[in-house]
Amino acid sequence: MCGIFGYVGKKDPIKICIGGLKQLEYRGYDSAGIAGLYEGQIKSCKEAGKIASLEKKILSEGLKLDFAIGHTRWATHGKPTDQNAHPHFDEKSSLALVHNGIIENFSQLRDQLKSKNVRFTSETDTEVIAQLIGQFYRGDLLDAVQKTLPLLQGSFAIAIIHSNHPGQIVAAARESPLSIGYDDQHTESIVSSDPNAFLPSTSNVMFLRGDEIAQVEAGKISIFNSTLKPIEKKIEKLESNYQAPSKEGFEHFLIKEIYEQSSTIQKALLGRLNDESACIEFENFHFSDEYLKSIRNIWLLGCGTSSHAGWIGTMFFEDLSRVNASVEIASEARYRNPLLASDTLVIAISQSGETADTIAAMREAKRRGCSILGICNVVNSTLSREADSTIFLKAGPEMSVCSTKAFSSQVAVLALFALHIARLKGLSDGEMRKYFAHFRKISGSIQQVLEKSSLLQTIAKKYAKYNDFFFMGRRYMVPTCLEAALKLKEISYVNANGYPAGELKHGPIALICPNFPVVAFCSNDQTLDKIVSNLMEVKARGAPILAFAPEGLHSIIEIADDIFWLPESIDPFAPFASIVAGQLFAYYIAKDRGCDIDQPRNLAKSVTVE
Ligand code: F6R
């Protein structure tokens with residue numbers, strides 16, 4: 001993970017770098033640091049903790065720099081200490097380096113360097129890169145970097161400065177994302193893990209890959225391949241309608257984003273339901289109707305929340321489009337040897353579009369000849385650039401590390417795409433229009449849940465004392481309850497297991513006891529009686545029961561200790577209101593327990609290492 005950022009130009013480099021790092025803080029917030037040149041010498045400031053505390057330290061130390069590189073860290077190798085914070089230096093402190101990625105052979109490299117009496121000051125894998133470049137340096141920084149890269153195994157995006165090379169950042173990348181941009185007037189340049197952290201003026205962007213090396217000066221960028229042969233990179237125009245993220249009066253980004261869902265769902269549907277033709281339309285969509293009709297299998301890839309959305313997607317494809325579909329967690333998929341034929345469509349799902357495992361699994365599927373559909377929130381992300389076609393969520397920036405609005409939009413887009421295929425396979429005008437009406441009810445049903453959030457706050461207060469929870473559901477409610485359990489785990493640090501309710505008797509029922517609350521997601525018409533029976537079994541063993549139940553399920557009243565009523569819905573669309581209720585429940589428990597809700601411990605928004 002980690003975010004790297006660098007600035008060369010006329011503006012205050014510290015201010016720009018800190019601003020950029022704040023945009024990248026979603027990539028990790030264990031420590032932060034900055035380095036640059038001032039009066040011919042490398043100067044730096046770094047410490048454990050978030051960027052806000054680095055900012056204070058910089059002020060108190062009166063740091064001045066002519067240009068700068070910076071880093072926000074998600075710790076992989078070595079604890080989140082001041083010592084391990086980036087930038088890292090060579091022995092002579094003549095160069096400073098920031099890194100995103102993992103150097104898998106760092107320990108061998110470090111031993112080799114130590115045998116040459118090189119002294120290390122951190123436990124990081126990154127420091128070996130800085131030390132190696134320092135060892136190779138003979139006056140030509142590009143040459144030293146080029147000699148170092150082949151020795152590294154793993155993934156990296158790096159930015160380096162050297163005291164002998166004022167006004168110059170050298171950057172390189174293998175699998176980790178790195179974008180480099182400059183303004184139209186050629187006065188300034190930026191290096192960043194994510195182009196969305198560029199200044200509004202930085203509208204020309206290029207992306208480094210495959211050991212490419214860049215020499216970055218103010219408004220001037222030269223790119224070289226891994227043998228230092230100059231290459232022309234495609235320059236893309238960055239469309240920026242960037243607005244500084246704001247909590248808009250909410251206490252946390254998370255609760256703001258939970259509340260946004262009644263409108264983000266509408267944005268996911270906007271312009272995509274064509275009432276006249278009863279067809280679904282996607283903008284800039286590159287798959288032909290013939291191809292989509294020929295698909296026999298769909299393989300959905302994602303991690304965490306995105307994999308839960310993918311799981312719901314498999315049911316849409318089976319129920320609505322009548323196409324075989326399976327979901328796989330991308331970190332497993334990338335190492336499988338799947339039988340993928342050209343009639344298999346791979347759908348890569350990712351909010352950020354930068355998740356290393358999802359991208360690796362997608363690339364592997366592409367290598368095996370499959371077409372890739374991306375479902376993504378972030379425009380210009382690696383996933384959206386590499387997929388054959390991408391349907392965007394249009395949910396706006398998700399600032400909270402814990403994903404909420406992206407999930408509901410992913411599910412909505414998957415439902416749209418499943419129906420698009422169904423239509424191509426002959427679903428009638430009338431049936432399509434019925435679904436259109438159901439789509440249009442989603443926002444209202446989310447709104448109904450949001451309007452009762454104070455009830456969930458009261459319920460959450462009662463349950464906040466428990467340290468273990470069992471979440472269960474059936475059919476569409478299985479991935480929904482897994483997702484709700486994940487929310488609780490990540491923001492409240494509470495153990496929450498999600499299970500298909502039918503599995504209860506096959507082991508987990510042994511856990512059920514009076515201080516182990518069961519949270520049941522019941523909104524699946526087809527299996528209502530079944531989950532009610534499962535809850536009877538739980539009740540007989542004395543566990544407190546919280547039921548998220550569809551209005552009208554009277555039989556639950558005698559069984560559950562607490563009930564949160566959900567608006568009625570057809571089974572495939574029940575996840576929307578249910579998950580919003582689950583998100584609110586997790587939020588209020590986390591709040592009651594005093595957790596760091598927007599930036600939970602140990603997490604990062606974008607998981608760019610495997
Ligand atoms: C959970 C969460 C993670 C992400 C996962 C994939 O709230 O945010 O589980 O869903 O890291 O991230 P993306 O969707 O960016 O690929």
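Under 5 Å between amide hydrogens, built in the peptide plane, is the criterion, and for F564 it picks out A547, F548, A549 among residues at least 5 positions away or on other chains.
Scalar couplings 3J(HN,Hα) for the stretch 125-133, obtained by applying the Karplus form with A = 6.51, B = -1.76, C = 1.60 to θ = phi - 60°, are 6, 4, 4, 5, 5, 4, 5, 5, 4 Hz; x denotes Gly and Pro.
Summarised in one figure, the compactness ratio Rg/Rh of the stretch 332-467, Cα atoms and Kirkwood Rh, is 1.06.
Computed from the Cα positions only, the extents of the stretch 126-260 along the three principal axes stand at 55, 34, 26 Å, in decreasing order.
Length gained on full extension, D184 to F285, computed as 0.36 nm times the residue gap minus the Cα-Cα distance: 33.4 nm.
Computed over the chain, relative contact order equals 12 percent, with contacts defined as Cα pairs under 8 Å that lie 6+ residues apart. Distance between the 7 Å Cα→Cβ label points at A464 and Y38: 4.4 nm. Scaling against 2.2 N^0.38 Å puts the C-alpha radius of gyration of the stretch 196-276 at 1.71. When you count the other C-beta atoms within 10 angstrom of each residue and take the mean per peptide, 47-55, 412-420, 581-589 line up highest first as 581-589, 412-420, 47-55. For the pair the stretch 126-181 and the stretch 580-597, the centres of their Cα atoms are 43 angstrom apart. Taking the fewest neighbouring Cβ atoms within 10 Å as the starting point, the ordered list for I329, I359 is I329, I359.
Working from the Cα coordinates of the stretch 452-600, the gyration tensor eigenvalues give, after taking √(5λ), semi-axes of 21, 17, 14 Å in decreasing order.
Near S350, within a Cβ-to-Cβ distance under 12 Å, what is the net charge of the other residues, with Lys and Arg +1 and Asp and Glu -1? Walk me through the numbers before you get to the answer.
Working: positive: K605; negative: E354, D357, E386, E398.
Its environment carries a net charge of -3.
Near S201, once Lys and Arg are set to +1 and Asp and Glu to -1 for all other residues with Cβ below 9 Å from its Cβ, the sum equals -3. Counting charges near L228 (Lys, Arg +1; Asp, Glu -1) among other residues having Cβ under 12 Å from its Cβ returns a value of -2.
Just need the relative contact order of the stretch 452-600 here, percent rounded to a whole number, with Cα pairs under 8 Å and 6+ apart.
Values: 285 pairs, mean separation 47.1, N = 149.
This gives 32 percent for the stretch 452-600.
With R₀ set to 30 Å, the beta-carbon distance separating H77 from N497 gives a calculated FRET efficiency near 0.45. Per q in 0.07, 0.09, 0.10 Å⁻¹, report the Debye log10 I(q)/I(0) for the chain, using one uniform scatterer on each alpha carbon and no solvent. Results for the chain at q = 0.07, 0.09, 0.10 Å⁻¹ read -0.46, -0.75, -0.90.
Test of understanding: what is the full-extension gain from D111 to E451, defined as 0.36 nm times their sequence separation minus their Cα-Cα distance?
Numbers: separation 340, 0.36 × 340 = 122.40 nm, distance 6.03 nm.
Going from the current span to full extension adds 116.4 nm.
Taking every C-alpha pair closer than 8 Å and separated by at least 6 residues, the mean separation divided by the residue count of the stretch 258-365 gives a relative contact order of 26 percent. For the stretch 247-446, rounded, prolate or oblate, judged on the Cα gyration tensor with a ≥ b ≥ c (square roots of eigenvalues), a/c < 1.5 rounded, else prolate if a/b > b/c? It is oblate, given that a/c is not under 1.5 and a/b is not larger than b/c.
Residues whose amide H falls under 5 Å from that of N105, counting only those 5 or more places apart or on a different chain, are Q153, with hydrogens built in the peptide plane. Extent along the principal axes, Cα only, for the stretch 1-79: 33, 21, 20 Å, with the longest axis given first. For the stretch 3-237, the alpha-carbon coordinates run over 49, 44, 33 Å along the three principal axes, in decreasing order.
Which order do the peptides 274-282, 372-380 take when ranked by the mean count of other beta-carbon atoms within 10 Å per residue, highest first?
Listed from highest to lowest mean packing, they are 372-380, 274-282.
When both bridge partners sit in the chain, DSSP labels roughly 60% of those beta bridges antiparallel. Here is the list for the stretch 90-126: trypsin sites (Lys or Arg not before Pro) lying in DSSP coil, each with at most 11 other C-beta atoms within 10 angstrom of its C-beta, are K92, K116, R119. Note that the stretch 431-439 has calculated 3J(HN,Hα) couplings of 5, 4, 5, 4, 5, 4, 5, 5, 4 Hz, one per residue in order, obtained from phi through the Karplus relation 6.51 cos²θ - 1.76 cosθ + 1.60 (θ = phi - 60°); glycine and proline are x. The distance from the alpha carbon centre of the stretch 193-215 to that of the stretch 43-102 is 21 Å, rounded to a whole number. Each Lys and Arg Cβ is given +1 and each Asp and Glu Cβ -1; about its Cα centre, the chain then shows a dipole of about 600 debye.
Ordering 148-161, 546-559 by mean Cβ neighbour count within 10 Å, with the highest value first, yields 148-161, 546-559.
Our compactness index for the stretch 102-192, the C-alpha radius of gyration over the empirical 2.2 N^0.38 Å, is 1.18. If the segment from S226 to R336 were pulled out straight at 0.36 nm per residue, it would be longer than the present Cα-Cα gap by 36.6 nm.
From the helices alone, meaning DSSP H stretches of at least four residues, give me the mean residue ellipticity at 222 nm for the chain, per-run term -39500 (n - 2.57), in deg cm²/dmol to the nearest 500.
Values: 17 runs with 211 residues, N = 610.
Result for the chain, helices only: -11000 deg cm²/dmol.
For the stretch 272-315 versus the stretch 451-524, the spacing of their alpha-carbon centroids is 30 Å. Computed from Cα atoms, the angle from the helix 477-492 axis to the main principal axis of the chain rounds to 50 degrees.
No lab work stands behind these numbers, since they all come straight from the coordinates. Remember, it's a predicted structure, so these values are computed and weren't measured experimentally. Ideal geometry is used to build each Cβ from the backbone, glycine not excepted, and the neighbour counts take in all protein chains shown.
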